[in-house]
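Working notes for the structure below.
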Amino acid sequence: MFKSVFSKYLSIITSVVLVGFLAMTLMQMVLTANAMADEKKTLLLENVENIAQHTALSATATQIRGNTVVYQLDESRLSPILKMLSEAIDATVLVTNAEGRILLTAGDTGGRSYVGDTTLQKVVPKVRSQGQYYEVGTLGGLYSRRRYTAAVPVVINDQVVLGYVFASSPADAFAQTVKSNFRIYLLSVLGALLFSMAFVWLMTDRFVRPLRQMAAATRSFAQGDFSVRVKVRGKDEVAELGHALNNMAVSLSSVETMRRSFVANVSHELKTPMTTIAGFMDGMLDGTIPPERQRHYMSIVSEEVKRLSRLVRSMLELSRIDSSEMKLNRVPVDLTEIMCSVLVSSEQRIEQKNLSITGIEDCGKVEVQGDYDLMNQVLYNLLDNAIKFTNEGGCIDIRLHAADGRAYVTVRNTGDGIPAAEMPRIFERFYKSDRSRGLDKNGVGLGLYIVHTVIRLHGGEIGVRSVEGEFTEFSFWIPIA
């Protein structure tokens with residue numbers, strides 16, 4: 001039935017407001033009607049008491065029977081008083097004798113003469129027993145339509161009941177007043193309801209608009225456009241969702257950029273050695289390369305195959321990192337021993353460049369709980385980079401020590417250094433600075449990325465400092481336990 005959040009929210013709020021207004025209207029009318037009915041009853045009883053007092057004052061003693069005084073109403077004297085009082089209270093006044101026969105009338109009787117009517121004889125016993133009487137009805141069938149009627153006895157000397165006074169007003173007039181009040185109140189409620197609906201509409205639209213923008217943004221993301229941003233206002237849950245969506249867009253854009261860069265770099269790194277291998281092999285097969293030169297070109301092909309092997313191995317490592325499959329096999333690891341082992345394996349390259357190694361001879365045993373193979377790769381990559389980029393006859397300084405529950409490792413080499421503009425990107429995968437491309441022709445730009453990731457997996461941090469033309473220093477720490 002409802003196709004959108006806007007229609008659902010608007011319908012629910014509208015229903016709640018409408019039901020609330022209707023309930024309030026009904027309650028108000030019931031309370032108003034009851035209050036008016038109570039007020040009408042009180043006024044009628046007060047007025048009929050007042051009329052009864054005037055009626056008693058108009059009575060005169062006519063004769064004495066033994067010790068009893070007989071009183072009689074002076075109708076000529078009482079009639080104008082009753083007329084005046086009935087007009088004042090806008091009611092029909094009936095005066096009966098003690099048996100209930102009507103003696104006098106005043107007010108609007110609808111053209112009917114009630115004098116002599118004995119209908120009220122059925123009501124008089126109730127008035128006599130209760131002391132006062134009130135009803136909403138036809139007064140025992142005397143009236144053809146419902147009326148509000150109050151009655152009290154006319155008492156002389158606090159003991160003699162001379163008769164009874166009845167005061168009646170039409171119920172139609174009261175109903176008309178209630179309807180008029182209800183109409184006025186209903187119009188007021190409708191005005192307030194229309195205003196509320198307009199306000200709810202605006203607020204609902206304002207509430208749902210960010211959700212619509214988010215839906216449009218997600219559709220753009222699905223199509224590969226991560227430039228869309230959601231306008232965020234306020235600090236509520238919807239605003240938090242908008243911020244989260246914008247942050248997700250930034251992350252997705254970054255991931256997409258990295259993915260494209262990754263594909264481009266892999267394609268380039270694979271294309272170069274494969275092109276070289278294919279060219280030299282074709283040259284040997286078709287005789288372009290003479291037999292005496294084939295050994296030389298086969299050695300180049302061998303280097304390119306090794307380069308491909310390193311690339312594939314690095315790609316596998318990268319795949320394990322990205323898929324969170326790289327798990328640490330923690331064992332006691334002596335970092336100083338691993339560094340010495342790496343130095344021995346790189347001895348030939350160190351001697352070829354006539355490099356001097358300092359600091360390692362002063363390093364004591366630094367043992368941590370870590371993954372032996374991964375830490376071996378970290379130290380190998382750092383030392384391999386240092387050897388590549390140290391100038392001929394330069395120096396590599398290696399420091400290892402433990403302090404405050406951490407193991408610290410520093411590898412510093414002399415050389416051209418790293419430009420300050422390139423420092424923030426040095427740990428990105430496939431990143432190679434323009435200066436290093438001429439010195440490191442076999443690298444693929446994954447070594448430092450893997451180093452950074454492994455250090456983070458061990459709960460540590462790595463940093464780099466460099467001064468152009470002087471040195472480059474990589475240092476990291478990891479927890480010992």
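Considering only the stretch 113-134, state which residues are within 19 Å of Asn47 (Cα to Cα) and either of a type in the set (Ser, Thr, Tyr) or in contact with a Lys or Arg (Cβ under 9 Å, 6 or more places away or on another chain) (or both). Of everything in the stretch 113-134, those that are within 19 Å of Asn47 (Cα to Cα) and either of a type in the set (Ser, Thr, Tyr) or in contact with a Lys or Arg (Cβ under 9 Å, 6 or more places away or on another chain) (or both) turn out to be Tyr133, Tyr134.
Does Arg307 satisfy being outside any helix (DSSP H, G or I) and at pLDDT below 75?
No, not satisfied.
Could you tell me whether the stretch 140-162 includes any residue that is free of Cβ contacts under 8 Å to residues at least 60 places away in the same chain, crowded, with 17+ Cβ neighbours inside 10 Å and under 21 Å from Ala56 (Cα atoms)? Looking through the stretch 140-162, none of the residues is free of Cβ contacts under 8 Å to residues at least 60 places away in the same chain, crowded, with 17+ Cβ neighbours inside 10 Å and under 21 Å from Ala56 (Cα atoms).
Is the stretch 440-461 home to any residue that is at pLDDT 90 or above, open to solvent by less than 30 Å² (accessible area, probe 1.4 Å), on the phi < 0 side of the Ramachandran plot and not in a loop (DSSP other than H, G, I, E, B)? For the stretch 440-461, residues at pLDDT 90 or above, open to solvent by less than 30 Å² (accessible area, probe 1.4 Å), on the phi < 0 side of the Ramachandran plot and not in a loop (DSSP other than H, G, I, E, B): present. Restricting attention to the stretch 326-345, the residues that are of a type outside the set (S, T, N, Q) and not in a strand (DSSP E or B) total 11. Of all the criteria given as (1) at pLDDT 80 or above; (2) among the polar types (S, T, N, Q); (3) open to solvent by 80 Å² or more (accessible area, probe 1.4 Å); (4) part of a helix (DSSP H, G or I), the one not satisfied by Ser299 is (3).
Within the stretch 226-262, the set of residues being surrounded by 13 or more Cβ atoms within 10 Å (Cβ to Cβ) and assigned to a loop (DSSP other than H, G, I, E, B) comprises Phe226, Val228, Arg229, Val230, Val232.
Hey, among the residues in the stretch 392-417 that are among the charged types (D, E, K, R) and either part of a strand (DSSP E or B) or closer than 17 Å to His458 by Cβ (or both), which one's most open to solvent (accessible area, probe 1.4 Å)? Per the criteria, the residue is Asp404.
Under the condition of being surrounded by 13 or more Cβ atoms within 10 Å (Cβ to Cβ), touching a strand residue (DSSP E or B) at 6+ places or on another chain (Cβ under 8 Å) and not in a strand (DSSP E or B), the residues counted in the stretch 91-117 number 9. Filtered by the rule that a residue be open to solvent by 90 Å² or more (accessible area, probe 1.4 Å) and within 23 Å of Arg259 (Cβ to Cβ), the stretch 212-221 gives a lone residue, Arg219. Here Lys271 meets each of (1) open to solvent by less than 40 Å² (accessible area, probe 1.4 Å); (2) within 30 Å of Tyr297 (Cβ to Cβ) with one exception, condition (1). If you go through the stretch 358-376 and keep only what is closer than 20 Å to Gly447 by Cβ and not aromatic (Phe, Trp, Tyr), you end up with Gly370, Asp371, Asp373, Leu374, Met375, Asn376.
Residues of the stretch 132-154 that are closer than 19 Å to Gln121 by Cβ and in a strand (DSSP E or B): Tyr133, Tyr134, Glu135, Gly137, Arg147, Thr149, Ala150, Ala151, Val152, Pro153, Val154. Return the residues of the stretch 63-85 that are surrounded by 14 or more Cβ atoms within 10 Å (Cβ to Cβ), at pLDDT 80 or above and not hydroxyl-bearing (Ser, Thr, Tyr); say none if nothing qualifies. Answer for the stretch 63-85, where residues must be surrounded by 14 or more Cβ atoms within 10 Å (Cβ to Cβ), at pLDDT 80 or above and not hydroxyl-bearing (Ser, Thr, Tyr): Leu78, Ile81, Leu82, Lys83, Leu85.
For the stretch 361-374, the criterion of a residue being touching a residue at least 24 places away in the same chain (Cβ under 8 Å), among the aliphatic types (A, V, I, L, M), open to solvent by less than 60 Å² (accessible area, probe 1.4 Å) and within 26 Å of Val467 (Cβ to Cβ) is satisfied by no position.
Anything in the stretch 125-139 that is among the small types (Gly, Ala, Ser) and either over 22 Å from Asp90 (Cβ atoms) or loosely packed, with under 14 Cβ neighbours inside 10 Å (or both)? List them, or say none.
Pass one, the stretch 125-139, residues among the small types (Gly, Ala, Ser): 129, 131, 137.
Hits for the stretch 125-139 are Ser129, Gly131.
Residues that are open to solvent by less than 90 Å² (accessible area, probe 1.4 Å) and of a type in the set (Val, Ile, Thr) within the stretch 332-357 comprise Val333, Thr336, Ile338, Val342, Ile350, Ile357, listed in sequence order.
The values are calculated or read from the model by the stated rules, or taken from the named source; none is laboratory data. None of these values were measured; they are calculated from a predicted model. As a convention, Cβ positions derive from the backbone with ideal geometry for all residues, glycine included, and neighbour counts pool all protein chains shown. Calculation scope for accessible area: heavy atoms of the full protein, side chains included, ligands and nucleic acids excluded. Shrake-Rupley method; radii C 1.70, N 1.55, O 1.52, S 1.80 Å.
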